[in-house]
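Working notes, beginning with the structure itself.
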Amino acid sequence: MIHKTRLYTPGPTPLLPAAQFAMAAADMHHRTPEFRALLLKVLAQLKVFVGTQNEVLVLASSGTGAMESAVTNLTSPGDKVLILSAGKFGERWEGIAKTYGCQGDVVRAPYGETFDLDEVRATLKPEHKALYMQATDTSTTARHDVEGVAKLLKEAGGETLLVVDGITGLGTTHFDVDGWGVDVLIGGSQKAVMIPPGMAYLSVSERAWAAMEKAKTARFYFDLRRERKNQVKGESAFTLPVALVAGLGGALDYIAAQGGGDLEKGREALIDNAEVNAAATRAGLVALGFTLFAAKSPAAAATAVSVPAGMNSGDVIKGLKARFGIVAANGQGEMMGRIFRVAHLGFFDYLDTVALLGAMEHIAKDMLGLPVRYGEAVAAGQQVYAEASSQLSALSSQLLAAKS
């Protein structure tokens, strides 16, 4: 049997061919009219993809660089901030804030769960300069209530900025950035936009720009004010990864094509695709007898699955790779060996989900000894897909009838 490698990790994710072609053709200098035109086009597209009228910047870094910039540009040493932490990436907010001298109050939830909004409300203080959270913590695949937290901040009536790590949330979750009042929303290139790692992007509100003028934390490479001054002209303060910018443009063009040339509709289609594939995957795995790790608040970006007691999730990952060429992700931190994670964001389609579920039937039967009937996981996933397709078809018919 031959093996075709299939990447099911929640970042890096499978590369979009159109983006690969664009990157291969990106033989240009970054201080030329050609690149300036490309960058301005991509920045305009990103505003639509994020769904905001706020300015969007790109940075030559992983998403963590943008997270760091959201601390250094908005705070001063000694400032109080509020951090919502329920996984490795919430803990990353804690580490960054501590590194730059912030006093971090933390609302915690166990791995795989989400936050009690009443506890967030009780902990929030007027002196908190910013609230930092994830839309989805990729380490647990739990989705958090950004809208609910945003409402709490509005009700409080203070000046606390809302900063959201949407690195796996963008392209998998519906956001109303401006309506909710998200001040900074962060994305990463290796996620739903289907290009390699190495570039981050973030939207920045006017409130956040104003806060930067008062912030005293030292910053140089990640000085967002300097980047804003340059990127509004199609320039950058430092060298951007030209090929990644070109690839991002190709990816956003592809997403727009999924919406008939409308990038906003294409973004919605991309999110709906992730939601359906995630729901189908969950249904199939439950049908096999697996336990979902973040069952109460599951993300569309990825699904985490617990393995039976006495089993190491690393063995499942090795089995998937050895038998089927499927590359999945282990748990992180305290969840290493206890869960495995499979992704749905970006360039995944329904048939990728069918392939995964078919492979998992063999893994469940042969490695874990579960009482599997071949086809039951696939059938459960197919049922979810069929119901979702029927609903989307009915909705499209209603929209066409309304237009006519």
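Does residue 28 satisfy the condition of being at pLDDT below 95 and either not assigned by TED's automatic domain parsing to the domain that holds residue 344 or not charged (D, E, K, R) (or both)?
Yes: the conditions hold for residue 28.
Could you say whether any residue in the stretch 320-334 is part of a helix (DSSP H, G or I) and at pLDDT below 95?
The answer is yes; a qualifying residue exists.
So if I check each of 170, 162, 152, which one is surrounded by fewer than 21 Cβ atoms within 10 Å (Cβ to Cβ), among the aliphatic types (A, V, I, L, M) and either at pLDDT 95 or above or part of a loop (DSSP other than H, G, I, E, B) (or both)?
Every option except 152 fails the conditions.
Tell me, yes or no, whether the stretch 260-268 has at least one residue that is of a type in the set (A, V, I, L, M, F, W, C) and under 23 Å from the mean Cα position of the chain (by Cα).
Within the stretch 260-268, one or more residues are of a type in the set (A, V, I, L, M, F, W, C) and under 23 Å from the mean Cα position of the chain (by Cα).
So that you can scan it fast, the table gives a plain yes or no per residue for (1) under 13 Å from the mean Cα position of the chain (by Cα); (2) under 19 Å from residue 121 (Cα atoms); (3) not polar (S, T, N, Q):
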| residue | (1), (2), (3) |
| --- | --- |
| 134 | yes, yes, no |
| 139 | yes, no, no |
| 160 | no, yes, no |
| 168 | yes, no, no |
| 173 | yes, no, no |
| 178 | no, no, yes |
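Quick test of your reading of the structure: residue 351 fulfils all but one of (1) exposed (fewer than 15 other Cβ atoms within 10 Å of the Cβ); (2) modelled with pLDDT under 95. Name the failing condition by number.
Going through the list (1) exposed (fewer than 15 other Cβ atoms within 10 Å of the Cβ); (2) modelled with pLDDT under 95, residue 351 breaks only (2).
Can you run down the residue pairs with Cβ atoms below 9 Å, 6 or more apart or on separate chains, where the first is in the stretch 151-178 and on the phi > 0 side of the Ramachandran plot and the partner is surrounded by fewer than 23 Cβ atoms within 10 Å (Cβ to Cβ)?
Filtered contacts from the stretch 151-178: 157/126; 171/271.
Which of the following residues is in the same structural domain as residue 135 (by TED's automatic domain parsing), in contact (Cβ under 8 Å) with a residue 40 or more places away in the chain, touching a Gly at 6+ places or on another chain (Cβ under 7 Å) and small (Gly, Ala, Ser): 101, 90, 78? Before you say what the answer is, go through the steps one by one.
Values: 90 fails: touching a Gly at 6+ places or on another chain (Cβ under 7 Å); 78 fails: in contact (Cβ under 8 Å) with a residue 40 or more places away in the chain.
Every option except 101 fails the conditions.
Which of the following residues is buried (at least 24 other Cβ atoms within 10 Å of the Cβ) and either farther than 23 Å from residue 11 by Cβ or within 16 Å of the chain's Cα centre (by Cα) (or both): 117, 46, 59?
46
Hey, could you check the stretch 278-306 for residues that are in contact with an Asp or Glu (Cβ under 8 Å, 6 or more places away or on another chain) and assigned to a loop (DSSP other than H, G, I, E, B) and say which is nearest to residue 344 (Cα to Cα)?
Ranking the qualifying residues of the stretch 278-306, first place goes to 300.
What number of residues within the stretch 198-245 are in contact with a strand residue (DSSP E or B) (Cβ under 9 Å, 6 or more places away or on another chain), of a type in the set (Val, Ile, Thr) and part of a helix (DSSP H, G or I)?
1
Could you pull out the residue among 31, 6 that is farther than 23 Å from residue 347 by Cβ and either touching a residue at least 40 places away in the same chain (Cβ under 8 Å) or not small (Gly, Ala, Ser) (or both)?
One residue alone meets the criteria, 31.
The values are calculated or read from the model by the stated rules, or taken from the named source; none is laboratory data. Owing to the predicted nature of the structure, the values given are computational and were not obtained by experimental measurement. Neighbour counts run over all protein chains shown; Cβ positions are idealised from the backbone, glycine included.
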